[in-house]
Every structure is written in structure tokens, then in C-alpha cells.
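The values are calculated or read from the model by the stated rules, or taken from the named source; none is laboratory data. What you see is a predicted model; the values in this text were computed from it and never measured. Note that each Cβ is placed from the backbone with ideal geometry, even for glycine, and that neighbours are counted across all protein chains shown.
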Amino acid sequence: MLNPLVLPMRFCPTTLTTARIGVLKTTLVVLLCAASGQRASGQQTVKLTLEEVLRLANQNNLDLAAARAKRAAALAGIAIAKERPNPTVSVGASRDLPHENVLLDQPFELGLKRAKRIEVARGESALNVIEIDILARQIRHKTRDAFYRVLLSRAQSDQAADALKLAQRLQQIAHDRFAVGDVAQLEVLQADLEVARADVDYKVLLQEQRTARSELATLLNQPEASLPELEGTIADLPPALEQNALVEKAHSSSPEIQRTTQERTIEASRLSLLKWQRVPNLDIQAGVDLNSPPDFQVGGRGQVGITLPIFSRNQGEIAQSNANLKVLDLSLQAARRNVEGAVEAAYLDVAAKRTQVELYRDNLVPATLKLEAMAEESYQAGKSNVLNVIDAQRRTSDIKRAYLDSLFNFHSAFASLEEIVGEPLGP
């Protein structure tokens, strides 16, 4: 195989001009860059964005798959509602005349009973779709929480790694100062203990990161080992939203309002069916009498039957359905008001948590980092003891941890707001 950096002699005769040699060199450089680019792209790991994770959860989650499988039962209910009454054939034999008879009995549904029955079944099928959508929104909420919990655990692990490096640096400073007699051995032991504590915290957080990944992988229906790395950081915040626009979206997309509205539609269809069921069915019978000597051998017969709606006319069922409609009307009004209040509360909660994040990010974290650096410089200069530095480092770790917790709380509140509204508010 030819070395790409060395041209064979037969391609480099002494008669080549300087221009041709330049062209060959340029071609080699381009080929080498392309090859290195292909190797680099082959080594790049695939990362999942939040949008891709939500899409995978919607496609692969087992709870959603089970709920969607029930859709077939709802569709079968429509087919059942479309069925018509079957005819009945009776064959009889007797010692009396006529000796034999054959009778066909066919009931007929009068009015719109069958159409109203189909209407109720279709309403129940639509309610099943709404229930699936509600579950999908709940899975989306859980998946968004799990996604940001992985990012939180990853950020906490990175923070613990930084804290461990700071503790090790402080440990080295303490050992150096002890070597020249500036500090007592007690400070060295304290620095060593702080390194051990930081190392334990780091290892525990690594395990918590695997736990968070496992929870997300369960929602995506795949093993934790096959779950790719996630793209993004927990510090990525969605843009601010307008409260009035959210309330308008919630009125048209809120799961609670959609379900109550559909339940009322079904009850109205059921009331109409009950009223049409008061129309009696027509029962037509036709047949022949056989073997009745000496009068006849074959003789036709027929009769018509109808139920007289005298005592039972669905009075109780109709009254009950009317009462249910009044309850559902009030429930719908309450649902609309509750959704408005829930959207307002969730919106204010998101705004408060965004403010908390900004305070930590812009004020508290920079101030504690500055104090930590000043404490380390003071100890290195011999102006303070090691406990002051350890205290400053722990305070910085606590503030950073609180900052990360505030970020996760914001994303969790945002996911709750999205579920209440009933529409995706971001990727």
C-alpha cells in the first residue's frame, strides 16, 4: 500500500513543472483532510435532544402502547352498535292439526334507535382517544422530568468533580506548607479528610446519574446501557410565555375540559337514544302450516306483533340522564374555572422559579466563587488557616447545588404548566 505522504517515483519525474508539483501537493492535502474528517465524524457519538427523547417516549412507551391497544375495543363497540336483530326460525310438530309448521320471526327496529346507538358508540370511541391523549401528556411530563433529572445528575457530578479537584489542590498546598514548617500536621489531616469526603460525594453522584438514566430509559422502553448521551445542559431555559395566551390554549386543549365536554356529548346522545327507545319495535312473523288433512297439506300463516309502551317508557332512565346532563354542565363550568386558576398558579410558579434561577446565576454563584478564590489565596499566603478555605469551598458547593436544584425545579414546574395547558410549549 502506498504511503499517502510520499509519492512513488514514477509519478515524480524530473520533468514535472513547479505548477504540476503544486497541484499534486494540493490534491494530497485535500485527500488527507477528507480522510481525517471521515475518521472524526465516525468517532462522534450520537446525542439525544429533548425533542428526540419526547418523540421516542411517545413511540415506545409501554403504557402508551397498552392504552392504544384498547382503541381496537372502542372501535369494536361501534361495530356492535351497527348490528341488526337476527331472525328466528321455528319448526314445530304436533299430534293435533296441523301436524307440522315452520315459522320465521323477524323483529324490526323503528325510528332512529340504531342511528342513536351508533352515535353513542362513536362518542365513547372519541372519549377513548381523549383518554389516550391525556396519558400521552402525562408520559410527556414524566419524560421531560426524567430528561432534566439526567442533566441535573450530570451537572452535579461535574460540580462534585470540580470540588474534588479544589480539595486536592488545597491538600497539595497544605502538604507544601507543612513541608516547610508553616502549618501544623493537623491542617494536613483536615485537608486529607476534605479530599476523602469530596471523593465520596463524587462517587455517590456518579451512581445517582446512572439511576437517573435508568429511569429515563424505562420510559423510553430500552436498556440503560443503550441510552445515548443527552444533548444540552440543565441551564438551558425556554423563553418566557404570556399568561393570557396560555389561558386561551388551555380552554381549547385542557385534558380536563376535553374529557368533560366529550362526556356531556355522550350523555346527550344517550338521552336521545332513550327517547327513541320508547318507539316500539315491530315483530313480523311469517310461515306455513303443513299436513292438515283433509283441509290442506300446505297453508300459509303470518302475524304482526308490537309492544305497547304502557307501563315502561324509560321514564326513570330519561330523568337520570337529564340529571347527569345538569351535573356535567356544572362540571364543565367548574373545569373551565379550575383550568384558569391552575394555569395562573402554574404560570406564577414558573415565573417565580425563573427569578430564583436568575438570582443564583447572576448574584449568589459569582459572589461565592469570588469568596472561595479569596480564601484560597489568603491561605496560600499564610494569612488564614485551612478551615476557612474548607468552609468557603463547602459554601460554594452548597450554593452551586442549590442553583442546580433551582434549575431542575424550574424545568419541573414548566412541565407541569405544559400538562395543564394541554399543548406542547417547547421542544
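Within segment 398-417, the set of residues being among the aromatic types (Phe, Trp, Tyr) and under 25 Å from Ala367 (Cβ atoms) comprises Tyr403, Phe408, Phe410. The condition of being out of contact with any strand residue (DSSP E or B) (no Cβ under 8 Å at 6 or more places or on another chain), basic (Lys, Arg), more than 30 Å from Leu273 (Cα to Cα) and surrounded by 14 or more Cβ atoms within 10 Å (Cβ to Cβ) does not hold for Arg68. Is it true that some residue in segment 194-203 is within 26 Å of Ser412 (Cα to Cα), of a type in the set (Asp, Glu) and in contact with a helix residue (DSSP H, G or I) (Cβ under 7 Å, 6 or more places away or on another chain)? Yes; the residues of segment 194-203 include at least one that is within 26 Å of Ser412 (Cα to Cα), of a type in the set (Asp, Glu) and in contact with a helix residue (DSSP H, G or I) (Cβ under 7 Å, 6 or more places away or on another chain).
Counting the residues of segment 244-257 that are under 18 Å from Ser416 (Cβ atoms) and among the polar types (S, T, N, Q) gives 2. Candidates in segment 89-140 are the residues that are in a loop (DSSP other than H, G, I, E, B) and not charged (D, E, K, R); of these, the one that is nearest to Glu423 (Cα to Cα) is Leu112. Entry remark, segment 391-423: residues being under 29 Å from Ile139 (Cβ atoms), of a type in the set (Asp, Glu) and surrounded by fewer than 19 Cβ atoms within 10 Å (Cβ to Cβ) number 2 in total. The residues on offer are Pro87, Pro98, and the sole one that is closer than 30 Å to Phe296 by Cβ, at pLDDT below 95, surrounded by 15 or more Cβ atoms within 10 Å (Cβ to Cβ) and of a type outside the set (A, V, I, L, M, F, W, C) is Pro98.
Across segment 234-258, the qualifying residues are those that are touching a residue at least 12 places away in the same chain (Cβ under 8 Å) and among the charged types (D, E, K, R), and the one among them that is surrounded by the fewest Cβ atoms within 10 Å (Cβ to Cβ) is Lys249. Filtered by the rule that a residue be surrounded by 20 or more Cβ atoms within 10 Å (Cβ to Cβ) and within 14 Å of Arg395 (Cβ to Cβ), segment 152-165 gives a lone residue, Ala163.
Taking (1) over 23 Å from the mean Cα position of the chain (by Cα); (2) without any contact (Cβ under 8 Å) to a residue 40 or more places away in the chain in turn, Ala345 satisfies each apart from (1). Hey, does segment 258-280 have a residue that's more than 27 Å from Leu112 (Cα to Cα), in the same structural domain as Ile139 (by TED's automatic domain parsing), under 52 Å from the mean Cα position of the chain (by Cα) and not in a loop (DSSP other than H, G, I, E, B)? There is at least one residue in segment 258-280 that is more than 27 Å from Leu112 (Cα to Cα), in the same structural domain as Ile139 (by TED's automatic domain parsing), under 52 Å from the mean Cα position of the chain (by Cα) and not in a loop (DSSP other than H, G, I, E, B). All told, Asn314 falls short of being in contact (Cβ under 8 Å) with a residue 12 or more places away in the chain, farther than 29 Å from Leu127 by Cα and of a type in the set (S, T, N, Q). When segment 143-192 is limited to residues that are among the acidic types (Asp, Glu) and part of a helix (DSSP H, G or I), the one that is farthest from Glu419 (Cα to Cα) turns out to be Asp176. Picking from residues in segment 298-342 that are outside any loop (DSSP other than H, G, I, E, B), exposed (fewer than 12 other Cβ atoms within 10 Å of the Cβ) and of a type in the set (S, T, N, Q), the one that is farthest from the chain's Cα centre (by Cα) is Gln303.
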